[in-house]
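Quick notes on the structure that follows.
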Amino acid sequence: MSIKHVLLALLLLVPATAARAVCHDTVVMVHGNTGSPGDFVNTYNLLRQNGWTDAQIVRPSWGSAYCAACNDHNGSEETPVKNAIASAIANSCSGKIDVIGHSMGVTLAMREIDKLGVAAKVNTFIGIAGAVHGLWSCGVYPYNVFNSTCGYYGLSIHSPFLDSIAGHRFGVHMYSFKSWVDEINCYGGVCTVDGVHTSSIPGEDRSLDYPYGHYQLLWYTAADQVSLLQ
């Protein structure tokens, strides 16, 4: 066989190989309160290195970047995340998506998945440093609730919002990443609410513990995040 024929044969193989390689669940990454899509830079870069295209990674921006106390889980904060999840499902080559949330992005993603009724379309849900059971710094609803972030649609313990999603499913597989030295979720050194770590997700497949702070839990665990999606 001539060199020309060999090269032609190799070129014909490339499209078939590429077609098998490109279909991944679209990944939606939801940042925390006053955060930004750039908070997921390590995860984003690792996904790209492992074959995800830019179109298969969705990072909505939500809420006020300047007023943490103004943000909650209702109204304008919801819209970008709801639209991102709905669009990701509609455009995913697999028909499924994966969702990774950090901090308040965990509970905001939970709300939108729940309201859209698409938990069965989420193959893997990863909650990183979420306050799934509330924050002691916000008090116990309705007492000591000082702002929107801690209010009816916020993260006070047993807020109507948190109670409304308690025990629901947010994906076929669910994982939590948590730390016992989380400076946000372990206010006053107390990480537990009703006997469980506030970042744990009822019904989760597994909970992973790390010796990191609130933001390091996101930045330093990219490899473990991606491994759970593969």
Report task. State, in angstrom, two size descriptors of the stretch 29-120 derived from its alpha carbons: Rg to one decimal place and Dmax to the nearest whole number. Result -> 12.9, 38
Query raised in the report: If you place +1 on the Cβ of every Lys and Arg, -1 on the Cβ of every Asp and Glu, and leave all else neutral, what size is the dipole of the stretch 99-230 about its Cα centre, to the nearest 20 Debye?
Result: 260
**Report entry** Translational diffusion coefficient (Stokes-Einstein; Kirkwood radius from C-alpha pairs) of the stretch 105-230 at 37 °C, 0.692 mPa s, in µm²/s
**Finding:** 224
Requested in this report: Determine ³J(HN,Hα), in whole Hz, for all residues of the stretch 102-107 in sequence, where each value follows from phi through the Karplus function 6.51 cos²θ - 1.76 cosθ + 1.60 and θ = phi - 60°; x replaces Gly and Pro.
Outcome: 10, 6, 5, x, 5, 6
**Report entry** Positive-end residue, the chain charge dipole about Cα centroid, Cβ charges, pick of 108, 45, 148
**Finding:** 45
Query raised in the report: So how compact is the stretch 77-138: Cα radius of gyration and Dmax in angstrom?
Result: 12.0, 42
Requested in this report: Would you compute, for the Cα atoms of the stretch 120-173, the largest minus smallest coordinate along each principal axis and list the three values in descending order, in whole Å?
Outcome: 37, 20, 15
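Hey, what number do you get for the chain at 222 nm if only DSSP H runs of n ≥ 4 count, each worth -39500 (n - 2.57), divided across all residues, to the nearest 500?
When only DSSP H runs of four or more count, the value is -9500 deg cm²/dmol.
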Query raised in the report: Once you put a point 7 Å from the Cα of residue 94 and another 7 Å from the Cα of residue 70, both along the Cβ direction, what distance in nm separates them?
Result: 3.8
**Report entry** Cα→Cβ-extended label distance, 7 Å offset, between residue 54 and residue 194, nm
**Finding:** 4.4
Report summary line: FRET efficiency (residue 140, residue 23; Cβ distance; R0 35 Å; to 0.05) is 0.15
Query - q = 0.28, 0.35 Å⁻¹: log10 I(q)/I(0) that the Debye formula gives for the stretch 189-230, counting C-alpha atoms only - result: -1.16, -1.22
**Report entry** Sequence-separation-based contact order of the chain, relative, with Cα cut under 8 Å and 6+ spacing, percent
**Finding:** 19
Report task. Specify, per residue and in Å³, the volume enclosed by the convex hull of the alpha carbon atoms belonging to the chain. Result -> 125
Report task. Treat each spin label as a single point 7 Å out from the Cα along the C-beta direction, and report the residue 115 to residue 45 distance in nm. Result -> 3.4
Report summary line: The ³J(HN,Hα) series, computed from each phi in the stretch 82-98 with the Karplus coefficients 6.51, -1.76 and 1.60 at θ = phi - 60°, rounded to the nearest Hz and given as x for glycine or proline, is 4, 5, 5, 5, 5, 5, 4, 5, 4, 9, 6, 5, 8, x, 10, 10, 10
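Every number in this text was worked out from the coordinates using simple rules, so none of it is lab data. Note that the coordinates shown come from a computational prediction; the quantities given were computed from them, not determined experimentally. All Cβ positions, glycine included, derive from the backbone under ideal geometry; neighbour counts span all protein chains shown.
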